[in-house]
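The values are calculated or read from the model by the stated rules, or taken from the named source; none is laboratory data. No experiment lies behind these values; they were computed from the predicted model shown. Cβ placement follows ideal geometry from the backbone for every residue including glycine, while neighbour counts extend to all protein chains displayed.
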Amino acid sequence: MTQIFTDDGVALACTVLTAGPMTVTQVKGEKEGYTAVQVGFGKRAVKNLSKAVAGHLKGKSFATIKEFRMSDTSAHELGSEITVDAFAPGDIVRVSGVTKGKGFQGTVKRHGFHGGRRTHGQKHSEREPGSIGGSGGRAGGRVAKGIRMSGRMGGDRVTVENLKVLSVDAKAGTLIVSGAVPGARGALLEIVPMRAKHTTN
């Protein structure tokens, strides 16, 4: 993340993303029973591909292969590239990714519990979750399904909508979007246009 300044001096929090180029590896249609475009992104040694994937890519190799369903695939053909030029400043996009994994966490960090009181006889219970059920409770002496407890935190697929494209650098293959996006540095993201706000001549 970084920040940029508008012409009138307003600072905007934003994120710099590397976008593309992606190569179209397959265009699906009547044969598959639905219309979609399959694309490859990133680099991987051919020796690390399975024989099935290597045969499908016909000598090429990509770190990631992703498929996008669309009603009209006429604008794409096998071997063509999709670059950052597909976006323009002012576009509104939806960004999806996997959040940072934080490991096994307690209820205070995971769910925002307050913990126990720090005084009046309490000892070593500042971050304990408290009662989780019991005899005659709301669940009749058992732990109800869905009780918020300690456990694995992070590593979830999260989608952030209505992010605005602030800048596009076709030469560097990067774009700058407003706000924050899910995932750690270097994480793989899915950027999908929602609508366009820019005007074209």
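Applying the selection to the stretch 155-198, what residues are of a type in the set (Gly, Ala, Ser), surrounded by fewer than 16 Cβ atoms within 10 Å (Cβ to Cβ), touching a strand residue (DSSP E or B) at 6+ places or on another chain (Cβ under 8 Å) and under 25 Å from LYS102 (Cα atoms)? Passing the criteria: GLY155, GLY179, ALA180, ALA187. Residues satisfying the criterion are present in the stretch 61-76 (criterion: exposed (fewer than 14 other Cβ atoms within 10 Å of the Cβ) and β-branched (Val, Ile, Thr)).
Screening the candidates LYS51, LYS28 for the property of being surrounded by 14 or more Cβ atoms within 10 Å (Cβ to Cβ), of a type in the set (D, E, K, R) and either in the same structural domain as GLY183 (by TED's automatic domain parsing) or at pLDDT 90 or above (or both) yields one hit, LYS28. Go through GLY40, GLY20, GLY55, GLY9 for me and flag whichever is touching a residue at least 60 places away in the same chain (Cβ under 8 Å) and either outside any strand (DSSP E or B) or touching a helix residue (DSSP H, G or I) at 6+ places or on another chain (Cβ under 8 Å) (or both). Result: GLY20 is the single residue among GLY40, GLY20, GLY55, GLY9 that is touching a residue at least 60 places away in the same chain (Cβ under 8 Å) and either outside any strand (DSSP E or B) or touching a helix residue (DSSP H, G or I) at 6+ places or on another chain (Cβ under 8 Å) (or both).
A quick yes/no check of all residues on (1) aliphatic (A, V, I, L, M); (2) part of a loop (DSSP other than H, G, I, E, B); (3) closer than 30 Å to PHE5 by Cα:
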site	(1), (2), (3)
ARG117	no, yes, no
HIS124	no, yes, no
GLY133	no, yes, no
GLY141	no, yes, no
ALA144	yes, yes, no
MET149	yes, yes, no
ARG152	no, no, no
THR159	no, no, yes
LEU166	yes, no, yes
